Amino acid sequence: MDVGQMQRRLLDYTKSLFMEGVLDGQFLQLQQLQDESNPDFVVEVVSLFFEDSERLLNDLTRALDQPNVDFKTVDSHVHQWKGSSSSIGASRVKNGCIAFRNFCEEQNIEACLRCLQQVKQEYYLVKNKLETLFRMEQQIVAAGGSIPILELSF
């Protein structure tokens, strides 16, 4: 596959992530902050998101597994995750966190547990898709090409 085909494939794949609601415009803004002086900016920021998410998932699982759930603590973790996912444009994770926080307010343990599973699925989906996106970018660069930037014209 030539570089041009790889670039078109990357643009189509990226566009699908927006069409599926996996990512939102915040991800494009993040990409615009990357330049020659910091070519790995997006990968570094997203890697921090992955690390935060794994920690928060563990914290949430532990907090919801207590005999007397401290909903204030659970809400605090979910709030952090919402902010973190929002900052990289992980739209479906962010939206899941919004619903999760509502159930924290209601102190509804069953709904919180269901929400945790849902947000966990959304997180692993975005993680897999972004890892694929970054691999595609690496292949383009390795082939001597440059990363095309998606225009919000779809």
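The values are calculated or read from the model by the stated rules, or taken from the named source; none is laboratory data. Everything quoted here is computed from the prediction, not taken from an experiment. Ideal geometry is used to build each Cβ from the backbone, glycine not excepted, and the neighbour counts take in all protein chains shown. Note: accessible area is taken over every heavy atom of the protein model, side chains too, but ligands, DNA and RNA are not part of it. Shrake-Rupley method; radii C 1.70, N 1.55, O 1.52, S 1.80 Å.
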So, of the residues in the range 47-63 that are more than 17 Å from K129 (Cα to Cα) and touching a residue at least 12 places away in the same chain (Cβ under 8 Å), which turns out to be surrounded by the fewest Cβ atoms within 10 Å (Cβ to Cβ)?
-> T61
Listed residues C104, C97, C115; which is touching a Phe, Trp or Tyr at 6+ places or on another chain (Cβ under 7 Å), more than 19 Å from G21 (Cβ to Cβ) and buried (at least 17 other Cβ atoms within 10 Å of the Cβ)?
-> C104
Only one of S76, S87, S37 is under 14 Å from the mean Cα position of the chain (by Cα) and either of a type in the set (S, T, Y) or modelled with pLDDT under 95 (or both); which?
-> S87
Please find, among C97, C104, the residue that is more than 11 Å from the chain's Cα centre (by Cα), within 14 Å of A63 (Cα to Cα) and part of a helix (DSSP H, G or I).
-> C104
Which numbered condition trips up V42, out of (1) in a helix (DSSP H, G or I); (2) farther than 18 Å from E137 by Cβ; (3) hydrophobic (A, V, I, L, M, F, W, C)?
-> (2)
Boolean, Q66 is open to solvent by 50 Å² or more (accessible area, probe 1.4 Å), within 17 Å of the chain's Cα centre (by Cα), farther than 22 Å from F134 by Cα and not basic (K, R) = no
